[in-house]
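The values are calculated or read from the model by the stated rules, or taken from the named source; none is laboratory data. The structure displayed is predicted, hence computed values, not measured ones. Here Cβ is always computed from backbone atoms with ideal geometry, including for glycine, and neighbour counts include all displayed protein chains. Only protein heavy atoms, including side chains, enter the accessible area calculation; ligands, DNA and RNA are left aside. Shrake-Rupley method; radii C 1.70, N 1.55, O 1.52, S 1.80 Å.
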Amino acid sequence: MNTKRWEITSLNQNFTRVIEEAARLLMEGEVVAFPTETVYGLGADAKNDAAVRKIFKAKQRPVDNPLIAHVSSKEMLAELVTEIPDYVKRLIEQYTPGPLTFVLKSNGTCAESVTAGLDTVAVRMPDHPVALALIDKLQGPIAAPSANLSGRPSPVTADHVWRDLSGAIAGLIDAGSTGIGVESTVIDCTKEIPNILRLGAITEEAMREVIGEVNFDESVKTRSNQYKHYKPDVPLWVVNLSLEETQDLIEQKRKEGFRVGVLGKNEFVSQLSSDDHFYLGDTLEEVARNLFSGFRYFTKEKVDIVLCQSFPNKGLGKTVMNRIEKAASRII
Ligand code: TXA
Ligand code: MG
């Protein structure tokens, strides 16, 4: 398949034409990758079962792993579910549009393959002009997982999508890097007390401020964590070590014949001597934004192992550590 690639550089130049062309492909039952504020998504018309099945095929995703329906208004969200609990209304008020996905009781409007046959549906309103315009043009929800090959790090640039999926999808809208860089927080809202299934930029602490009680039982095997995730090309080790100890480990591994890469905040990376390195930035927000680019940077041609800094396990640090631990083959 020939993958059409559009570039949107300025919102007022070719924006309308690109949205029209991409929406036309969606209406014809094709899949199109598009940016959101978190990561790039791989979209199809959420009401068209045959179209949604093409998403699973293109990214080689297990068919029992359900997708998020992306909406452009609160009204469109309400059209997909049986009821909206009061605490969800409060979260919507505070964080929508934004990186928060609600799992609610489905009323069956979305195609069966979106929900993988469950009686619940995951819904979110992305905070990105391209995503919102595309949903508006389609006049209905877009089902979309992250636009990576299953098991690979989520894409935060159009080039990441291109490397994983060119030739397997009908279109790709390139609108530059995504802002947040980690996927949305997923929260199960089918119970009296909501339960976090996946952490994102909206933290546990932030949600507690709005609605009080929120559960997060990390030991529970949810659908979000039973699949392989974020697999880098080379083994990644998380290091809970001082700078000096990390440098010692680098030296030791090099003596054993390994080429060693380092991944971490600027101040961490700049003080280490290694075979290759990737700077994640100065703040936790920058670390989140650049993390998946860092995972994808280290290839077998460059290094044999990557040592990744660990971060304090709270707030956005907890979200970042969740991704790093899923990518890691060892924790030291
Ligand atoms: O930021 C994001 O969430 C990105 C952008 C594109 O919106 N999307 C994304 O989708 O990360 P995906 O498919 O990679 O992750 C969605 C997660 C999966 O772990 C899936 O198992 C879970 O949401 N999920 C979807 N529907 C669900 C449901 N009905 N019940 C429980 N979990 C569900
Ligand atoms: Mg994903």
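Assorted remarks:
- Taking the criterion of being open to solvent by 40 Å² or more (accessible area, probe 1.4 Å), under 15 Å from the mean Cα position of the chain (by Cα) and of a type in the set (A, V, I, L, M), the residues of segment 149-188 that qualify are Leu149, Ile180.
- Checking each residue in segment 149-168 for being within 14 Å of ligand 1 (Cβ to nearest atom) and in contact with a strand residue (DSSP E or B) (Cβ under 8 Å, 6 or more places away or on another chain) picks out Ser154, Pro155, Val156, Thr157, Ala158, His160, Val161, Leu165.
- Residue tally, condition under 19 Å from Ala206 (Cα atoms) and among the basic types (Lys, Arg), over segment 290-322: 2
Quick grid of which residues meet (1) surrounded by 14 or more Cβ atoms within 10 Å (Cβ to Cβ); (2) in contact with a strand residue (DSSP E or B) (Cβ under 6 Å, 6 or more places away or on another chain):
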{"residue": "Pro235", "(1), (2)": "yes, yes"}
{"residue": "Leu241", "(1), (2)": "yes, no"}
{"residue": "Glu244", "(1), (2)": "no, no"}
{"residue": "Gln247", "(1), (2)": "yes, no"}
{"residue": "Gly257", "(1), (2)": "no, no"}
{"residue": "Val262", "(1), (2)": "yes, yes"}
{"residue": "Phe268", "(1), (2)": "yes, yes"}
{"residue": "Gln271", "(1), (2)": "no, no"}
{"residue": "Ser274", "(1), (2)": "yes, yes"}
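- Test set (1) at positive phi; (2) more than 11 Å from ligand 1 (Cβ to nearest atom) - Gly181 fails condition number: (2)
- A residue that is away from ligand 2 (no atom under 16 Å from the Cβ), closer than 24 Å to Glu7 by Cα and within 22 Å of the chain's Cα centre (by Cα) can be found somewhere in segment 49-56.
- Helices (runs of 4 or more DSSP H) (entirely within segment 226-315) containing at least 1 residues that are within 22 Å of Ile180 (Cα to Cα): 266-269, 284-297
- Candidates are the residues of segment 74-115 that are open to solvent by less than 30 Å² (accessible area, probe 1.4 Å) and part of a loop (DSSP other than H, G, I, E, B); the one that is nearest to Ile211 (Cα to Cα) is Thr96.
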